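To keep things clear, I will list the structure first and then write my remarks on it.
The values are calculated or read from the model by the stated rules, or taken from the named source; none is laboratory data. Model, not experiment: these values are computed from the prediction. Cβ atoms come from the backbone with ideal geometry, glycine included; neighbour counts cover every protein chain shown. Accessible surface is based on the protein model in full, side chains and every heavy atom, while ligands, DNA and RNA are left aside. Shrake-Rupley method; radii C 1.70, N 1.55, O 1.52, S 1.80 Å.
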Amino acid sequence: MSYILVTGGAGFIGSHVVKELLRQGYQPVVYDNLQTGHRKAIGDAPFVKGDLADREKLKETLQSYPIQAVIHFAADCLVGESVENPVKYFKNNVRKGIHLIEIMEEVGINKIVFSSSAAVYGEPHEIPITEEHPCLPTNPYGETKWIFERVLQTLFKTGKMNSISLRYFNAAGADPEGELGEDHRPETHLIPMVFRAALNNSSVPILGTDYDTPDGTCIRDYIHVSDLSHAHLLALKKLEEGRFAGAYNLGNGNGYSVKEVIKVVSRVTGKRIGVIESARRPGDPSRLVASSAKIKRELGWAQKYPGLGTIIDTAWQWFCKHPEGYHD
Ligand code: UDP
């Protein structure tokens, strides 16, 4: 059995990947400081509560299990917060990522799947965005992801590390079996924010109505978290084949504006949703829509849940059963 260290495995995407690893016969070992993750989201998988800054604990963990590869999620991931506090992002996403790489080198592990982001691209010149698009991030969060990707590229060129960076567009939805879902505290992501407004009869802020898009609101490409999870397994298998480094987009190729998302949530939930037209959130590009042709062609990835209605429905099912989240 292959042991895989999953940093940040108790988070939203991480926990779905842990479930998929188990389903496919891998043994995930979760390393998470539980600052934003949830212990309940990883069931019985071996778990170490630790921060990537704690080199000794990290090294001990990597030596206690026969780890063959790392899937690295542990990071801060809020665009708005990164604009307000960029140093936090450089510390947690870059410096601690380097700690991880250092320890991996020390113990002889040379395969890593890295959780990157569409935020590496910045304001796109063309839609859909391919991997050849220039990377010019418009916010510190995207900058940290791009820096770390470049570290990995350089380490590949020098023969030290094999890696696949997965550039997620907007991760959404929830485990269709209803065991896992999205529980961020504080919540800032659009779809759960709209759910909250729907349940509480309150209003959701629309962060910017003056973008250069047909209805003036930002356009994003929402991808089901289970489809994302599946891509991590394909990436892992690619790295098991031998020397490799690459980056892949992961999205559905369909852009939805904030107003369109709110409409679909209203249809799926059967609830009327109030909105408050608000100011832009600094750092937000106007539209991000992926071309995922490369990962389809090279790794054979395919979506199981491409429709926004299904994505929202799976998330809503979990949200209704867990209005207070994981309760941990
Ligand atoms: N957004 C919004 N209201 C909210 C939260 C988000 O209008 O309460 C917008 C946000 O400006 C962005 C889109 O919804 O254009 C998706 O934001 P989210 O935070 O979900 O993901 P991100 O694109 O930052 O990864």
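Could you list, in sequence order, the residues of region 211-251 that are away from the ligand (no atom under 14 Å from the Cβ) and more than 26 Å from Val151 (Cα to Cα)?
Within region 211-251, Pro214, His224, Ser226, Asp227 meet the criteria.
What are the pairs with Cβ atoms under 7 angstrom where one residue, in region 205-223, is under 16 Å from Tyr121 (Cβ atoms) and of a type in the set (Asp, Glu) and the other, located anywhere, is more than 8 Å from the ligand (Cβ to nearest atom) and at pLDDT below 95? Sequence gap at least six, or different chains.
If the second residue must be more than 8 Å from the ligand (Cβ to nearest atom) and at pLDDT below 95, no pairs are left.
Against the condition touching a Phe, Trp or Tyr at 6+ places or on another chain (Cβ under 6 Å), farther than 20 Å from Ile101 by Cβ and part of a helix (DSSP H, G or I), how does Lys19 come out, does it pass?
Numbers: touching a Phe, Trp or Tyr at 6+ places or on another chain (Cβ under 6 Å): no; farther than 20 Å from Ile101 by Cβ: yes; part of a helix (DSSP H, G or I): yes.
The answer is no for Lys19.
Residue by residue through region 265-293, note down the ones that are within 22 Å of the chain's Cα centre (by Cα), assigned to a strand (DSSP E or B) and near the ligand (Cβ under 10 Å from one of its atoms). Spell out how you get there, then give the answer.
Looking only at region 265-293, we keep the residues that are within 22 Å of the chain's Cα centre (by Cα), and these are 265, 281-293.
Retained after the next criterion (residues that are assigned to a strand (DSSP E or B)): 287, 290.
Scanning region 265-293 gives a single hit, Arg287.
When you check Gly270 against the structure, is it loosely packed, with under 13 Cβ neighbours inside 10 Å, at pLDDT 95 or above and under 30 Å from Ile4 (Cβ atoms), yes or no?
Judged against the criteria, Gly270 is not a match.
Cβ contacts < 6 Å: first residue more than 14 Å from Ile112 (Cα to Cα), restricted to region 147-160; second residue open to solvent by less than 50 Å² (accessible area, probe 1.4 Å) and not aromatic (Phe, Trp, Tyr), any location; separation 6+ or different chain. Result?
Ile147/Val94
Could you count how many residues in region 82-127 are within 16 Å of the ligand (Cβ to nearest atom) and either touching a His at 6+ places or on another chain (Cβ under 7 Å) or in a loop (DSSP other than H, G, I, E, B) (or both)? Lay out the reasoning, then the answer.
Residues of region 82-127 that are within 16 Å of the ligand (Cβ to nearest atom), as a first pass: 82-86, 89, 93, 115-124, 127.
Within this subset, residues satisfying the condition of being either touching a His at 6+ places or on another chain (Cβ under 7 Å) or in a loop (DSSP other than H, G, I, E, B) (or both) are 85, 115, 121-124, 127.
Here the count works out to 7.
The conditions are (1) touching a helix residue (DSSP H, G or I) at 6+ places or on another chain (Cβ under 7 Å); (2) open to solvent by 20 Å² or more (accessible area, probe 1.4 Å), and Val194 fails exactly one of them. Which is it?
Here Val194 clears every test but (2).
Kindly indicate the residue of region 175-191 that is within 9 Å of the ligand (Cβ to nearest atom) and without any contact (Cβ under 8 Å) to a residue 24 or more places away in the chain and also most open to solvent (accessible area, probe 1.4 Å) among those meeting that condition. Write out each step before concluding.
Of the residues in region 175-191, the ones within 9 Å of the ligand (Cβ to nearest atom) are 187-191.
Narrowing further to those that are without any contact (Cβ under 8 Å) to a residue 24 or more places away in the chain: 187, 189.
On the way: Glu187: 19, His189: 56 Å².
The qualifying residue most open to solvent (accessible area, probe 1.4 Å) is His189.
Answer yes or no: is there a residue in region 295-305 that is part of a loop (DSSP other than H, G, I, E, B), of a type outside the set (A, V, I, L, M) and over 18 Å from Ala171 (Cβ atoms).
First pass over region 295-305, keeping only residues part of a loop (DSSP other than H, G, I, E, B): 300-305.
When the remaining residues are screened for being of a type outside the set (A, V, I, L, M), the result is 300-301, 303-305.
Applying the additional criterion that residues be over 18 Å from Ala171 (Cβ atoms) yields 300.
Yes, region 295-305 has at least one match.
What's the total number of residues in region 192-202 that are touching a residue at least 60 places away in the same chain (Cβ under 8 Å) and near the ligand (Cβ under 10 Å from one of its atoms)?
Going through region 192-202, the residues touching a residue at least 60 places away in the same chain (Cβ under 8 Å) turn out to be 192, 194-195, 197-199, 201-202.
Still in the running and near the ligand (Cβ under 10 Å from one of its atoms): 192, 194, 197.
Number of matching residues: 3.
Tell me the residue from Lys238, Lys157 that is modelled with pLDDT of 95 or more, open to solvent by 20 Å² or more (accessible area, probe 1.4 Å) and touching a helix residue (DSSP H, G or I) at 6+ places or on another chain (Cβ under 7 Å), please.
On the way: Lys157 fails: touching a helix residue (DSSP H, G or I) at 6+ places or on another chain (Cβ under 7 Å).
Answer to the check: Lys238.
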